[in-house]
Amino acid sequence: MKDIVILFLSGVMMFGCTIKNSSEAKLDKLHSEFHEHEIKYAKGFTIQSAENYKIITVFNPWNPPDTLSTYCVFDTNCFQETGCDFPVRLPLDRVACLASTNIAMINLLGEGRKISACSDAKLICDSALYQSYLEGSVIDLGSTHLINAEMVIDHSPDLVLKYIYGAKEAVDEKLIEAGLSVAYNLEFMESHPLGRAEWIKFVAAFFNKDELADSIFSNIENEYLKLVDLSSMHKNKPTVLDGSSYKGVWYTAGGNSYSAKLYADAGAEYYWRSDSNKGSIPVSFETIIDKQADADYWFGPSTGNREDLLKIDRRYIKLKPFREGAVYFFGKKVNPHGGLDYFESGVTRPDIILKDLVWVFHPELLDSNYDPVYLEKMK
Amino acid sequence: MFADHHTHLVTENLYLGYYNKEGRLYLLQKDMNESLVEGELVCLIGPNGSGKSTLIRTIAGLQKPVGGKVFIGSREINQLTNTEKSKHLSIVLTDNAVMGNITVSEIVALGRYNYTNWIGTLEKEDRRKISESLKKVGLREFENRKFDTLSDGEKQRVFIAKGLASDAPVMLLDEPTSHLDIPNKAGILSLLRNLAYRSNRAVLVATHELDLALKLADAIWFLLPDKSIFKSTPEELIFSGKLNEVFGNELVSFHANSGTFSMNTEYIGSVSLKGEGKFLEITVRALDRIGVKVNLRSPDDPVKVYVDNDRWIIDWKGKKSESFFLVETCRILRKVVKK
Amino acid sequence: MRNRITTIVLLALIIPIVVLLLLDLWLGSVYIPVDHFFDILTGKSDNTGWNYIVFYLRLPRAITAIITGAGLSVAGLMMQTLFRNPLAGPFVLGISSGASLGVAVFVMSSSIITFFNMEIGYFFGAGGQVVASIFGSSLVFLLIIAISSKIRDTISLLIVGIMFGSLATAIVSILQYFSEPELVQKFVIWTLGSLSSTGWEQLGLMIPLVCSGFVAAVFLIKPMNALLLGEENAKATGVRIERVKYLILISSSLITGSLVAFTGPIAFIGLSVPHIVRLLFGTSNHRIVLPGSILLGSMLVTICDILSQIPGHSMVLPINAITALFGAPVVIWIIIGRKNRKIAF
């Protein structure tokens, strides 16, 4: 029974976009084929353009190759024929950006004024948006994990950008039932840093700014790859310890994770690189001490203050990077309530993060007066 | 014609006992063939562990017999549904702890369980039976009282009323008086006899109250240690000597003439007692209690006690002491008297 | 006469429930002016957003609150009577721990099990959690029924139920330990309980399930009253004890399992409402306590739902916190206020 459903939906997906309706036959004669946008690193979405509309497909990363949802972005009304999940009518006036990682992307595309609502407003790092929130022109729709469905529906945005973890939740179903278009932003499921940044193209598709996104991303990609080349030439690869301890367990980045890739690309050696996990792995403190106590650098503790770290766990003193002060914390850019910009705009600029990392590992490769944007040495 | 009494309950080849955890059989009574007749009070007595509770519970169908059958009316009790069973017999257990805040009449109303509809609505007939039952046990004014405001004796009566309200011809009671004081004990047992006579029930009571049983029961079922049962009227039982056989030991013996148990006293010595007045009799008993033999006629004992209307004089080897209290007298004598 | 007064009081309780229902519909994160609110109710409003909010978000939620309050209270009452234990509640047999385990596995596990999770999630959407919860609680329920045929002693059954609950909770802790923080958070949010996850379709499933539990409970009023005298006495009175025990277990588990599947575990209500009703009405007679629990339970959870909305704010408090924060002082206040009278149960 379930197979029939999947088959049916796949069928609709494959054929739906090209089903011809008599009244639209004229339009379709103009473009018999879709132009597939180039997406190099991101695996979570695709964009296909026809002359008057686009189909954006988001895949289900927990159950590939299933589709999570599809969006038909258009100027004129041609939603019915495409069989997509959500119609998105352009131009967008009011966007509820409940995924903070999209804020920087939208800003880069120059559409920042269109953000009319967000989530966890207190933690927003983007100063313009934060200011708007304080002034009341942008409203807070709840915490990212507990979106207030009532307020979203009352706000009635043209598009909702939100995260999803696994299966759809009650909130999603309510928003969808109320007729809102919900775009699922899954850039956090990409393991390649450039793959995450590439979701700017996803966002841009909703604003019809695909070419701008392509060029912005190319720049980022070039900068990033340049740095990778630069650092790969360096023979000396310092060792990196990642993560921190919580209640006796050390959560460190898995080998296939975003952080691990960054360390490797910055010319460092990451002990757990052979591990296959895309997220973080729980390791005992003992193992860390046994295998990584002599690491050259330690990234990602929970705070950047030496005293505070000692208060959290006195055993940190056993780590060589801690004793020598080679500890770096991604909290240089914060908002007044402690929100880390590393998690907000950092996702869009992996090239800057990489540069920050290279500055730590191989500072001689960079300009001598480079000031890291996100990274801060432990005080 | 005169013997045309309705027999309600019959046991046939009944074997009482239980299986312990390993499956071994502990037989308590074998081959019982008894019957209960309406209009009679039967008291079931026996030493601890002889199977009194087991018999009651087996007859009530709360336990399965090890062997044999129990018939009620003319049907075997274990073939009846619980509902039918409870129309034929009612059982009052020793422990009547009730959880919660309910009234006396609500409890007695449960006696009508098998007659009321699915939600327990009481019809006029039901209410009548409830009032009547409460009246018969002397608790008419208690109808709307909360059960936990009652004394133990009254609580037990409520359960007896519940049994009455069910109109069951057979009433079984398992040691209903064990935690009651003496007037209540007597009250309950004589109530049960009244119910047997006037409401025409067949009442079987397992009890330890031997003296009351001997005075009130129409028949005694005595469970013996050799796993047999001795059935008789109280008087025949008294003179059969069985009571002394089973219950008598170094400490107590049963005296047929008085129909009571008395302590076998070990005497520590004797005194000669002389005196008059109402305290003489009292003193004789007190001395007997503390183990001092009383010689009323011979004046040659080393200790002599003289009792007057208001005082006791103890003459010990010539020394005299006087007391106005019997307690003190006894204390002195216990120190002074030797064999 | 006393019966008549009680019946009138019970019927009168419906009025505050209706009032609270209206309040719950009117108050929420989004402010709706009163006159406009009545327009919406009578169908005269053309504000589609607000219409949707009232009829598709708030009304299902309010009905869920009523059913949940009634259901948990009835289940709690049945557990208290069956086990003759004032500390028993609807979750005492581990039903909600089993549900918790089901949801934990669904939300937090990885690799092979995720595959199945995603199939279920794909198929049922948000309903996947419901399915997982029912699966978990049914598992515990079947174990309890199986064990109850071996253990005749009711107290032992209670202990076994508590042990199952602890076992399930332990497994859940292990899953939490090894899971990604986002998924753990997702699970924790489930455990906080939510009355707003149910839409009209879910109500269409939940209401019949819970109501059949109510029907069974009504038929159990008579034997439950007899159970107040203890199992032996009840048996002697004519109650078919084994059958009644099974019925109580089945109907209570049905109600509890169905509710927890849709709302998550909501604490405190099932335990406290029967006590409050017994104290207020001064009786343990189930003819009064059962309907009283249904009515009072609905009222209490609706009040808690209104409070949790924090009218005017985007933040919503978890219902579990409110029921305990609100309910515990109520019980204490009632007990202290009545210290001169004998406390029921």
By residue number, the members of region A:148-175 that are touching a residue at least 12 places away in the same chain (Cβ under 8 Å) and either more than 9 Å from every other protein chain (Cβ to nearest Cβ) or surrounded by fewer than 19 Cβ atoms within 10 Å (Cβ to Cβ) (or both) are A:Val152, A:His155, A:Ser156, A:Pro157, A:Asp158, A:Leu159, A:Val160, A:Leu161, A:Lys162, A:Ile164, A:Leu175
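Being buried (at least 16 other Cβ atoms within 10 Å of the Cβ) and more than 14 Å from chain C (Cβ to nearest Cβ) is true for just one of A:Asp308, A:Asp290, A:Asp313. Which residue is that? Give the steps one after another, and end with the answer.
Working: A:Asp308 fails: buried (at least 16 other Cβ atoms within 10 Å of the Cβ); A:Asp290 fails: buried (at least 16 other Cβ atoms within 10 Å of the Cβ).
Exactly one residue qualifies, and that residue is A:Asp313.
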Considering only residues that are within 14 Å of chain A (Cβ to nearest Cβ) and either touching a strand residue (DSSP E or B) at 6+ places or on another chain (Cβ under 8 Å) or farther than 21 Å from C:Thr302 by Cα (or both), which ones fall in region C:27-45?
C:His36, C:Ser45
Can you pull out every residue in region B:144-166 that is in contact with a helix residue (DSSP H, G or I) (Cβ under 6 Å, 6 or more places away or on another chain), part of a loop (DSSP other than H, G, I, E, B) and not charged (D, E, K, R)?
B:Ser166
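Scan C:Tyr31, C:Tyr56 and give me the residue that is among the hydroxyl-bearing types (Ser, Thr, Tyr), assigned to a helix (DSSP H, G or I), touching a residue at least 60 places away in the same chain (Cβ under 8 Å) and over 19 Å from C:Met224 (Cβ atoms).
Numbers: C:Tyr31 fails: assigned to a helix (DSSP H, G or I).
Of the residues listed, the single one that is among the hydroxyl-bearing types (Ser, Thr, Tyr), assigned to a helix (DSSP H, G or I), touching a residue at least 60 places away in the same chain (Cβ under 8 Å) and over 19 Å from C:Met224 (Cβ atoms) is C:Tyr56.
Could we say that C:Leu279 is assigned to a helix (DSSP H, G or I), in contact (Cβ under 8 Å) with a residue 40 or more places away in the chain and more than 14 Å from the chain's Cα centre (by Cα) here? Explain how you work it out, then say what you get.
Working: assigned to a helix (DSSP H, G or I): yes; in contact (Cβ under 8 Å) with a residue 40 or more places away in the chain: yes; more than 14 Å from the chain's Cα centre (by Cα): yes.
When the stated conditions are applied, C:Leu279 passes them.
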Reported set for region B:135-169 where residues are closer than 22 Å to B:Ser199 by Cβ and in contact with a strand residue (DSSP E or B) (Cβ under 8 Å, 6 or more places away or on another chain) is B:Glu143, B:Gln156, B:Phe159, B:Ile160, B:Lys162, B:Gly163, B:Leu164, B:Ser166, B:Ala168, B:Pro169
Filter region A:176-190 for residues that are under 14 Å from A:Phe45 (Cα atoms) and over 8 Å from the mean Cα position of the chain (by Cα) and give the result.
A:Ala183, A:Tyr184
Checking the condition part of a helix (DSSP H, G or I) and at the interface with chain A (Cβ under 9 Å from one of its Cβ atoms), which residue from C:Ile155, C:Ile189, C:Ile159, C:Ile171 passes?
C:Ile189
So C:Phe281 fits all but one of (1) crowded, with 24+ Cβ neighbours inside 10 Å; (2) closer than 30 Å to B:Ile107 by Cβ; what number is the exception?
(1)
Of the conditions (1) more than 10 Å from chain C (Cβ to nearest Cβ); (2) of a type outside the set (Ser, Thr, Tyr); (3) assigned to a loop (DSSP other than H, G, I, E, B); (4) out of contact with any helix residue (DSSP H, G or I) (no Cβ under 7 Å at 6 or more places or on another chain), A:Cys125 clears all except one; give me its number.
(4)
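Conditions (1) in contact (Cβ under 8 Å) with a residue 12 or more places away in the chain; (2) over 23 Å from C:Ile5 (Cβ atoms); (3) within 14 Å of chain B (Cβ to nearest Cβ); (4) buried (at least 24 other Cβ atoms within 10 Å of the Cβ), marked per residue:
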| position | (1), (2), (3), (4) |
| --- | --- |
| C:Ala216 | yes, yes, yes, no |
| C:Leu247 | yes, yes, yes, no |
| C:Phe262 | yes, yes, no, yes |
| C:Ile288 | yes, no, yes, no |
| C:Ile310 | yes, yes, no, no |
C:Ser196 versus (1) of a type outside the set (Lys, Arg); (2) facing chain A (nearest Cβ under 9 Å); (3) over 20 Å from the mean Cα position of the chain (by Cα); (4) not in a helix (DSSP H, G or I): which is the lone unmet condition?
(3)
If I filter region A:233-252 down to residues being within 18 Å of A:Lys311 (Cα to Cα) and in contact with a helix residue (DSSP H, G or I) (Cβ under 7 Å, 6 or more places away or on another chain), which single residue comes out as surrounded by the fewest Cβ atoms within 10 Å (Cβ to Cβ)?
A:Gly248
Conditions (1) touching a helix residue (DSSP H, G or I) at 6+ places or on another chain (Cβ under 8 Å); (2) at pLDDT 85 or above; (3) not acidic (Asp, Glu): number failed by B:Ile56
(1)
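Return yes or no: is A:Trp298 in the same structural domain as A:Val249 (by TED's automatic domain parsing), buried (at least 22 other Cβ atoms within 10 Å of the Cβ) and closer than 23 Å to A:Tyr224 by Cα?
Numbers: in the same structural domain as A:Val249 (by TED's automatic domain parsing): yes; buried (at least 22 other Cβ atoms within 10 Å of the Cβ): yes; closer than 23 Å to A:Tyr224 by Cα: yes.
So A:Trp298 fits the description; yes.
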Please give the strands (runs of 3 or more DSSP E) falling wholly within region B:234-339 in which 1 or more residues are in contact (Cβ under 8 Å) with a residue 40 or more places away in the chain and surrounded by 12 or more Cβ atoms within 10 Å (Cβ to Cβ).
B:260-263, B:269-275, B:292-295
One residue is enough: does region C:101-115 have a residue meeting the conditions facing chain A (nearest Cβ under 9 Å), surrounded by fewer than 24 Cβ atoms within 10 Å (Cβ to Cβ) and either part of a helix (DSSP H, G or I) or modelled with pLDDT of 75 or more (or both)?
yes
Among the candidates C:Thr68, C:Thr81, which residue alone is at pLDDT 90 or above and within 14 Å of chain B (Cβ to nearest Cβ)?
C:Thr81
Exception for A:Met105 within (1) surrounded by 20 or more Cβ atoms within 10 Å (Cβ to Cβ); (2) touching a strand residue (DSSP E or B) at 6+ places or on another chain (Cβ under 9 Å); (3) closer than 26 Å to C:Leu183 by Cβ falls at (2)
Out of the residues in region C:7-58 that are closer than 16 Å to A:Ile153 by Cβ and among the charged types (D, E, K, R), state the one that is modelled with the lowest pLDDT.
C:Asp46
Residue match in region B:262-284 (condition: of a type in the set (Gly, Ala, Ser), touching an Asp or Glu at 6+ places or on another chain (Cβ under 8 Å) and under 30 Å from B:Pro47 (Cβ atoms)):
no
Is it fair to say C:Ser73 is part of a helix (DSSP H, G or I), under 22 Å from the mean Cα position of the chain (by Cα), of a type outside the set (Phe, Trp, Tyr) and more than 18 Å from C:Cys211 (Cα to Cα)?
no
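If only one of A:Asp242, A:Asp265 is closer than 17 Å to A:Val347 by Cβ, modelled with pLDDT of 85 or more and either not β-branched (Val, Ile, Thr) or not assigned by TED's automatic domain parsing to the domain that holds A:Phe322 (or both), which one is it? Give the derivation first.
Working: A:Asp242 fails: closer than 17 Å to A:Val347 by Cβ.
Step by step, each of A:Asp242, A:Asp265 is checked, and only A:Asp265 is closer than 17 Å to A:Val347 by Cβ, modelled with pLDDT of 85 or more and either not β-branched (Val, Ile, Thr) or not assigned by TED's automatic domain parsing to the domain that holds A:Phe322 (or both).
What helices (runs of 4 or more DSSP H) lie completely within region B:33-134 and have 3 or more residues being under 23 Å from the mean Cα position of the chain (by Cα), more than 9 Å from chain C (Cβ to nearest Cβ) and within 27 Å of B:Lys242 (Cα to Cα)?
Details: elements: B:52-59, B:82-88, B:104-109.
Once the helices (runs of 4 or more DSSP H) in region B:33-134 are filtered for at least 3 residues that are under 23 Å from the mean Cα position of the chain (by Cα), more than 9 Å from chain C (Cβ to nearest Cβ) and within 27 Å of B:Lys242 (Cα to Cα), what remains is B:52-59.
Which one is nearest to the other protein chains (Cβ to nearest Cβ) among residues in region B:144-163 that are more than 20 Å from the chain's Cα centre (by Cα) and among the hydrophobic types (A, V, I, L, M, F, W, C)?
Among residues in region B:144-163 that are more than 20 Å from the chain's Cα centre (by Cα) and among the hydrophobic types (A, V, I, L, M, F, W, C), the one nearest to the other protein chains (Cβ to nearest Cβ) is B:Phe147.
The values are calculated or read from the model by the stated rules, or taken from the named source; none is laboratory data. Keep in mind it's a predicted model, so treat the numbers as computed, not measured. Every residue, glycine as well, gets a Cβ built from its backbone with ideal geometry; the counts of neighbours run over all protein chains shown.
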